[in-house]
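The values are calculated or read from the model by the stated rules, or taken from the named source; none is laboratory data. Model, not experiment: these values are computed from the prediction. In this analysis, Cβ positions are derived from the backbone assuming ideal geometry, glycine residues included, and neighbour counts consider all displayed protein chains.
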């Protein structure tokens, strides 16, 4: 029994949805062609709430949820540092809108039991796939509690790993979606590697990461897979390394991963991923994904950084970053 999972990285539709642009139309293979498709939704989908006191806050109109569903996305990770950009009501709107459109909203909810619980999809008869989502980038006040909406914090590692073990006991395959790493770093750090090891040891079959806004390596070893970062999948226009992206394909035979491939894409003028088959940037994508990440590490940016094509400067320092939060996140 063969089946396929497709995964993309960070999805931000504040500009494209407001302009009525569908950023998913050119993706190859189309997300809807897979048995399961997953992304990280890096925004609020709501018209309620007040902006958080942070450099960047992201939200899209309610219609974005339907467009994500129409693209074929089955699971949207919300355990990230922008899920609470407009407060708890906006987060709950995001969850409700995605779920109403048939998309699992993972890693966030009205309370910590909702945020940490695994979710299940039956991709084929008698083939159950469970998903767990959590974030190592946790702005102050965004972690879910027993009585407060928020996201699943991976700093609560015992709770996260317990969720993975529970999922492994109920499902044939477990996929962990984790928001982690340091922005603009093409190689994973020790915190990513350590958490990936623990997730796999406790029952995850694959770990899919996001947050650095650049691609990082995909490692497949002993039947387990870790994709450390899938970069900006739908974003603002980026013409450099933060605009290098793609679709990760994981091929299964029953509950075993039998192979994987990566389909290179580049962000176009609307921040939408477009397939690309050759060129210097495609070569760079291939290098990074295959493990040659250090040679493509961008140099630290400075105050004299040149604005990108959309008029926004690239990050000024390594702590003043692409989405405005500290690279290592904040615990609790």
Of the residues in the stretch 205-233, those that are in a loop (DSSP other than H, G, I, E, B) and under 18 Å from residue 273 (Cβ atoms) number 7
Note on the stretch 150-161: residues over 24 Å from residue 92 (Cβ atoms) and either out of contact with any helix residue (DSSP H, G or I) (no Cβ under 8 Å at 6 or more places or on another chain) or surrounded by 21 or more Cβ atoms within 10 Å (Cβ to Cβ) (or both) are 158, 161
If you go through 87, 49, 72, 66, the only one that is farther than 20 Å from residue 16 by Cα, touching a helix residue (DSSP H, G or I) at 6+ places or on another chain (Cβ under 9 Å) and surrounded by fewer than 23 Cβ atoms within 10 Å (Cβ to Cβ) is 49
**Request:** Answer yes if at least one residue in the stretch 82-98 is touching a strand residue (DSSP E or B) at 6+ places or on another chain (Cβ under 9 Å), closer than 21 Å to residue 230 by Cβ, in contact (Cβ under 8 Å) with a residue 12 or more places away in the chain and in a strand (DSSP E or B), and no otherwise.
**Result:** no
Across the stretch 162-194, the tally of residues that are crowded, with 21+ Cβ neighbours inside 10 Å, more than 16 Å from residue 75 (Cβ to Cβ) and touching a strand residue (DSSP E or B) at 6+ places or on another chain (Cβ under 9 Å) stands at 5
Among residues of the stretch 195-235 being touching a residue at least 40 places away in the same chain (Cβ under 8 Å) and over 20 Å from residue 182 (Cβ atoms), the residue surrounded by the fewest Cβ atoms within 10 Å (Cβ to Cβ) is 220
| field | Residue within the stretch 62-80 that is modelled with pLDDT of 95 or more, more than 18 Å from the chain's Cα centre (by Cα) and under 30 Å from residue 200 (Cβ atoms) present | value | no
Item to complete: Kindly indicate whether residue 158 is without any contact (Cβ under 8 Å) to a residue 12 or more places away in the chain, over 19 Å from the mean Cα position of the chain (by Cα) and either assigned to a loop (DSSP other than H, G, I, E, B) or farther than 17 Å from residue 288 by Cβ (or both).
Response: yes
Hey, residue 149 at pLDDT below 95 and farther than 26 Å from residue 216 by Cα or not: no
How many residues of the stretch 11-27 are within 11 Å of residue 235 (Cα to Cα) and out of contact with any strand residue (DSSP E or B) (no Cβ under 9 Å at 6 or more places or on another chain)? The answer is 0
In the stretch 110-129, is there at least one residue being touching a residue at least 40 places away in the same chain (Cβ under 8 Å), farther than 30 Å from residue 241 by Cβ and buried (at least 24 other Cβ atoms within 10 Å of the Cβ)? yes
Across (1) surrounded by fewer than 19 Cβ atoms within 10 Å (Cβ to Cβ); (2) out of contact with any helix residue (DSSP H, G or I) (no Cβ under 7 Å at 6 or more places or on another chain); (3) modelled with pLDDT of 95 or more, residue 316 clears everything bar (3)
Taking first residues from the stretch 28-44 that are under 19 Å from residue 16 (Cα atoms) and second residues anywhere that are modelled with pLDDT under 95 and part of a strand (DSSP E or B), the pairs with Cβ under 9 Å that are 6 or more apart or on different chains are none
Across the stretch 1-33, the tally of residues that are surrounded by fewer than 21 Cβ atoms within 10 Å (Cβ to Cβ) and in a loop (DSSP other than H, G, I, E, B) stands at 10
Here the residues within the stretch 35-46 that are assigned to a loop (DSSP other than H, G, I, E, B) and surrounded by 23 or more Cβ atoms within 10 Å (Cβ to Cβ) are 42, 43, 46
When the stretch 52-63 is checked residue by residue, the ones that are assigned to a loop (DSSP other than H, G, I, E, B) and either under 15 Å from residue 103 (Cβ atoms) or touching a helix residue (DSSP H, G or I) at 6+ places or on another chain (Cβ under 8 Å) (or both) are 52, 58, 61, 62
